[in-house]
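Participant: To start, I am sharing the structure in question, which I have written as structure tokens.
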Amino acid sequence: MSKSTEEYLEALYTLTKDGETASTTAISKRLKVAPASVTEMLGKLSNEGYVNYQPYQGVTLTPEGFKMAEKMARKHRLLERFLHDMLGIGKTMVHDEACAMEHALSDETARALCQTLKHPDKCPDDGNLIPPCDLQFSSCEECRKWRGGSLEQVDRRKENIVSISTLKEREEGKIAFVRGDNKVLRRLLDMGLTPGTKIRISRIAPLKGPVEIAVRGSKLALGEEIACNVFVEKTAN
Amino acid sequence: MSLWKRPQIKLGSNNLAIGGSCHSTTTTKKGKKSGNGQSITIALAGNANVGKSVIFNHLTGSHQTIGNWPGKTVERAEGILHFDGYDATIIDLPGIYSFSTFSLEELVTREYIAQEKPNAIINVIGASVLERNLYFTLQLLDMDTPLVICLNQMDIAKTKGITIDAKKLEAILGVPVIPAVASRGKGIQELIETALDVARDGHNTRGNRVKFSDAVESRIEKLAGEIESQQLNLDYPSRWLSIKLLEDDSEIKKLVGLKSESIVSTSETMAKEIEDGCKESCFSVIASERYSKASQIAADIQRQETVKATFSDRLDWFTTHKVFGYITAFVVIAGLLLWTFTVGNYFSNWLSHLLSFFESTNPNLTGSMKAVFWNGAFGGIVAGVTLVIPFVVPFYLVLAAIEDSGILTRVAFMFDNFMHRMGLHGKAIIPLILGYGCNVPAIYSCRVMGTRREKLLAAFAITFVPCTARTIIILGLVAAFVNIWWALALYAIDLVIIFALGRIALRVVPGKSTGLIMEMHQFRVPSLSVVGKQTWSRTKSLIFMVFPIYVIGSAAVQGLYALGWLGPVNHALSPITVTWLGLPLITGILLVFGLIRKEMVVLALVPLLGTQHFNLFLTQPQLILLAFVSMLYIPCIATISALVKEFGWKPAAAISVANLVSAIVLGGIAARLLALAY
């Protein structure tokens, strides 16, 4: 995959994160390229099956495109955290630096970064959520302990999972993964958020406040910093 | 309506018979000593918010002692139940969801059950949230203690359209199940009878343990067999130990490891095997299986007839709405404070009137030494009586009611992200609001926070919350001689200061913040007994900690002053009070008085100035500034001693110094700003 394909997918990931369609203008502004080249590139991406694109109607990612895009966004945001937290590079500079480095980052290094940074959840400059990896580990603890050779041996998650902090009221999902240390994970398991459990978002507090979920016949409030690490497989209402 | 009719537990002695005579549970009459001389202990266990305290109050009436678990800052409530010749000790265990070791409450509970081995445990479960409650019940069954289940809050389940077959639950779990509506006293009688039955003949009611999947169950049994054959002599049952070992419980691993390294390593191998098989951590496997069992049992015994939006649901929608939610929070808190000061002022005036009949309550700083000491001590008593009873009691009463109703849970939900910026989470709202009454019980209530760091941060914030005594200063100096708007402005500025200093403290105290995980329980009509008990327990800490300090401290300070020992204080402090803050010289001594009782700042001003018209001696900016500095400058001695008790000397000293420094710095800035404004 070419570097520019990756850049486009990543831009689309950010622009369509709330389920909206992205406009050619928005893409051209974000990537600082002429609208004509955007149109051309979108046609190419559409042929390759990464985006749904109808001229003048905006563009969305296909499930396959979303997967690729999410991976790039993850690498980008992990790098930003690394540059900011470990190397002390200023918030205004990390984005461009990470853009340049992300294409060369292997999955192995991304995993090592994630562990070294203690599975971070937000990127430093604009507070965007760092997507989870697609490795089929049941917890970050298991990933940390894993001493296998190459990541080729690890199963990859097929379905797309989303953080419950990105869901809207009344949306539903099944618990898929909880990122972070064992303590929070176990606490949530004890409260009934075991893998596969159905949950429904019943309330979202304003101003990025906690999320209230209906689970197992009761309601549970999860602070935003916990909710953003709880990932579900979205299900239709 | 007796459901538990299993004959074999029906009485070895003829003291008790179902449906037999019963002394009122709240009787104060000392019953005959235990029928056969044995002492019975019954513990109440269960999730939070299932009505455990209501049942505890029903069982023990006024025979309660509330203290701490030895060496732990976890509240321990104990009481005596007199019933048909028995004096049973009832222990109310903390409300918990599991037996992990993430909170002191969970640790205390499991250690208690294993080591003290109560004769019976009443597991209170909320009928409207069966699944999660049964998850805990299943863990209790593994603890191998005689169990009685109280299926409480049947009324809430009913309003949600849920009907429950209690007999079926009894059959499945093999332990007595008593349906109840504790808030209305329903089912309590039968619960007592059954619990006493089980307590005296517990061996027949161990219940049916729930089996895990073969992969897990076979390993638990093997491990349990190993533990038994090695005779570790630990307090915990071997099956429970095995489960905890597989769950990788660090405390239990340590405990078992001291006796047998081999068992721990066997358990680790087994856990690894389970993990490889299930592709999940062993803890997660066990939790999942337990929950699926709980879910299955719940589905078996309950029927959801109609799904309708209850009144509670609608109230929930309103109180967590992005606009109405904040309005509710504001109205609730402002209403609480308004109510406190309206009612408080009325009673306070009335009481001080009554007391001044005996003796002048205004500080007397001249005359014979005996008179000065006596006046100080008496002033301390009066201050206690006229502050605690009229202001703080109505405050606690209403606060406990809104707490029990579930409204505060919603306020905590709405304000979680604000709290988070101070390194706290939503639950900290309760201690902070409590602080407006008196800082002392508020500091104790910081225990609701999960970690020591959060407790400390919350306690630090509380010391800046204007308690009733400080409110008296603000009212007495600013509202009376400047205007009410400046008084309200001080409150508003204080909120900003709390927030700003909270953020600074967050940087100073190392560690990571934990997020909010809070059950949003249903709204309910507050229980009178719970509200009463809560009010009393908070008021009690005032009476035992604040009163003595008020009395002794006031006498001492006034005496020392009259002896002339404190005279030099004014001059010693003058660089701060006069030069830096621009206040009159006498404020030095006022602030020393305020260390004992904050409201002394106002009260002592009368004899020092020789008039009640403070505006003759102090300018308006000076009045505002004095109130401002008094609001912040140092916790009173009672608060400092509460800090010492909860956190030790060092943190208490650090917090006090931080208060002092911020009062001086902010006071100096305020003095200059006020000079510009006036």
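Participant: Grab the Cα-Cα distance for residue B:215 and residue B:39, subtract it from 0.36 nm times how many residues apart they are, and report the gain in nm with one decimal.
Facilitator: 59.1 nm
Participant: Distance between Cα centroids, the range A:169-209 to the range A:45-71: provide it in whole Å.
Facilitator: 29
Participant: Using just the Cα positions, wrap chain A in a convex hull and report its mean projected area in square nanometres, one decimal place.
Facilitator: So the mean shadow area of the Cα hull is 13.6 nm².
Participant: Please compare each pair in B:222/B:259; A:183/B:512; A:3/A:71; B:427/B:455; A:75/B:512 to a cut-off of 20 Å on the Cα-Cα distance and tell me which ones are over it.
Facilitator: Listed pairs above 20 Å: A:75/B:512.
Participant: Tell me which of B:283, B:218, B:267 sits at the most positive position along the dipole axis of the range B:214-304, charges placed on C-beta atoms (Lys, Arg +1; Asp, Glu -1).
Facilitator: Farthest towards the positive pole: B:283.
Participant: Name the residues whose placed amide hydrogens come within less than 5 Å of the amide hydrogen of residue B:83, ignoring near sequence neighbours (fewer than 5 apart) on the same chain.
Facilitator: B:88
Participant: According to a simple spin-label model (label point 7 Å from Cα along Cα-to-Cβ), what is the distance in nm between residue B:418 and residue B:678?
Facilitator: 3.0
Participant: In whole Hz, with x marking every Gly and Pro, tabulate ³J(HN,Hα) for the range B:387-404 from phi via Karplus 6.51 cos²θ - 1.76 cosθ + 1.60, θ = phi - 60°.
Facilitator: The phi angles translate into 9, 5, 5, x, 8, 6, 5, x, 4, 5, 4, 6, 4, 4, 5, 6, 5, 5 Hz.
Participant: In Å and from the alpha-carbon atoms only, list the Rg and Dmax of the protein assembly as shown.
Facilitator: Looking at the protein assembly as shown, its Cα Rg and Dmax stand at 31.5, 101 Å.
Participant: Okay, next question. Cut-off under 19 Å on the C-alpha distance; same-chain residues fewer than 8 positions from residue B:167 excluded. Which lysines are left, in chain and number order?
Facilitator: Output for residue B:167: B:5, B:10, B:158, B:186, B:293.
Participant: Separate question: Report, to the nearest 10°, how far helix B:130-142 tilts away from the longest principal axis of the Cα atoms in chain B, using its own Cα long axis and a range of 0 to 90°.
Facilitator: The answer is roughly 70 degrees.
Participant: Here's another thing I want to ask about it. Rounded to whole Å, give me the distance from the Cα center of the range B:435-460 to that of the range B:148-183.
Facilitator: When both Cα centres are located, 36 Å separates them.
Participant: Pulled fully out, how much extra length does the chain show between residue A:97 and residue A:136, if you take 0.36 nm times their separation in residues and subtract their Cα-Cα distance?
Facilitator: 11.1 nm
Participant: On each of the three principal axes of the Cα atoms of chain B, give max minus min coordinate, whole Å, ordered largest first.
Facilitator: 84, 58, 53
Participant: Under a Cβ-Cβ cut-off of 13 Å, what is the net charge of the residues other than residue B:444 that fall near it, where Lys and Arg count +1 and Asp and Glu count -1?
Facilitator: For residues surrounding residue B:444, the net value is +3.
Participant: Using just the Cα positions, wrap the range B:426-492 in a convex hull and report its mean projected area in square nanometres, one decimal place.
Facilitator: Taking a quarter of the hull surface, the average projection is 4.4 nm².
Participant: I'd like the Karplus ³J(HN,Hα) series for the range B:653-659: coefficients 6.51, -1.76, 1.60, θ = phi - 60°, whole numbers in Hz, and an x wherever there's a Gly or Pro.
Facilitator: 5, 4, 5, 4, 5, 4, 4
Participant: Set the Förster distance to 45 Å, then compute FRET efficiency between residue B:165 and residue A:147 from the Cβ-Cβ distance, nearest 0.05.
Facilitator: Approximately 0.35, to the nearest 0.05.
Participant: Set the Förster distance to 56 Å, then compute FRET efficiency between residue A:159 and residue B:371 from the Cβ-Cβ distance, nearest 0.05.
Facilitator: The pair residue A:159/residue B:371 has a calculated efficiency of 0.10.
Participant: Looking at the calculated P(r) for the range A:162-235, what percent of the C-alpha pair distances fall above 21 Å?
Facilitator: Of all Cα-Cα distances in the range A:162-235, 12 percent exceed 21 Å.
Participant: Right, another one. Hey, got the dipole for the protein assembly as shown? About the Cα centre, +1 on K and R Cβ, -1 on D and E Cβ, debye to the nearest 20?
Facilitator: Computed about the Cα centre, the dipole is about 1560 debye.
Participant: Just to check I understand the Karplus step: with θ = phi - 60° and J = 6.51 cos²θ - 1.76 cosθ + 1.60, what whole-Hz values come out for the range A:204-214, glycine and proline as x?
Facilitator: Whole-Hz 3J(HN,Hα) from phi for the range A:204-214: 10, 6, x, 6, 6, x, x, 10, 9, 10, 8.
Participant: In addition: Output the 0 to 90 degree angle, nearest 10, between the alpha-carbon long axis of helix B:620-632 and the longest principal axis computed from the alpha carbons of chain B.
Facilitator: For B:620-632 against chain B, the angle is about 30 degrees.
Participant: In nm, give the distance between the simple-model label positions of residue B:265 and residue A:23, each being 7 Å from the Cα along the Cα-to-Cβ direction.
Facilitator: With each label placed 7 Å out from Cα toward Cβ, I get 6.9 nm.
Participant: Does anyone have the angle between helix B:188-200 and the longest principal axis of chain B? Alpha-carbon axes, 0 to 90°, nearest 10?
Facilitator: Its long axis makes an angle of about 60 degrees.
Participant: Once both labels are modelled 7 Å past Cα along the beta-carbon direction, what's the residue B:484-residue A:56 spacing in nm?
Facilitator: Placing both labels 7 Å beyond Cα along the Cβ direction yields 6.4 nm.
Participant: Between residue B:272 and residue B:292, what FRET efficiency follows from the Cβ-Cβ distance if R0 is 22 Å, with the result rounded to 0.05?
Facilitator: Calculated transfer efficiency: 0.45.
Each reported figure results from applying straightforward, stated rules to the coordinates on display, with no laboratory input. Predicted model only: the values in this text are computed from it and were never measured. In this analysis, Cβ positions are derived from the backbone assuming ideal geometry, glycine residues included, and neighbour counts consider all displayed protein chains.
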